[in-house]
Amino acid sequence: MDFHLQIVKTNHMARESLKARERKRERLVAKFAAKRTLLKKAGDYLALDKLPKNASPVRLHNRCKLTGRPKGYMRKFGISRVTFREMANDGKIPGITKASW
């Protein structure tokens, strides 16, 4: 058997702990969003500094909704480029066709 001709499909899934950590950050950002805006308008940076660090929206990272992959994220679809390509080739994304000319 020719091993160099064998196609191996890799798993692009992120660890569950990383995906859970990101969901926790999203909840914290939503919880403190109103309080952050009020403190920023008031200019109370000492009170703002006392909020949890993960309550800042800057600390959020876009991840693929299906696999959790942090890199190659496509905002328009909410998935990574790898997942996008697999789904597009399988015809699972309406209106997307492979380019040919």
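FYI, it's all coordinate maths here, none of it is from the lab. In this text the structure is predicted, and so the values were computed from the model without any measurement. Here Cβ is always computed from backbone atoms with ideal geometry, including for glycine, and neighbour counts include all displayed protein chains.
For Thr37 and Lys98, what is the calculated FRET efficiency with R₀ set at 41 Å and r taken between the beta-carbons, to the nearest 0.05? My answer for the efficiency is 0.40.
Projected label points at Lys71 and Arg21, each 7 Å from Cα along the beta carbon direction, are separated by 1.7 nanometres. The residues Tyr73, Tyr45, when put in order of fewest to most other Cβ atoms within 10 Å, stand as Tyr45, Tyr73.
What is the chain by shape, rounded, prolate or oblate, if you read a ≥ b ≥ c off the alpha carbon gyration tensor as root eigenvalues and call it rounded for a/c under 1.5, prolate for a/b larger than b/c, and oblate otherwise? Prolate is the answer for the chain, as a/c is 1.5 or above and a/b outweighs b/c.
Only Cα pairs under 8 Å and 6+ residues apart enter the sum, and on that basis the relative contact order of the chain stands at 21 percent. Close lysine pairs were tallied over the range 17-61: pairs 8 or more places apart or on different chains with Cα atoms under 20 Å apart number 15.
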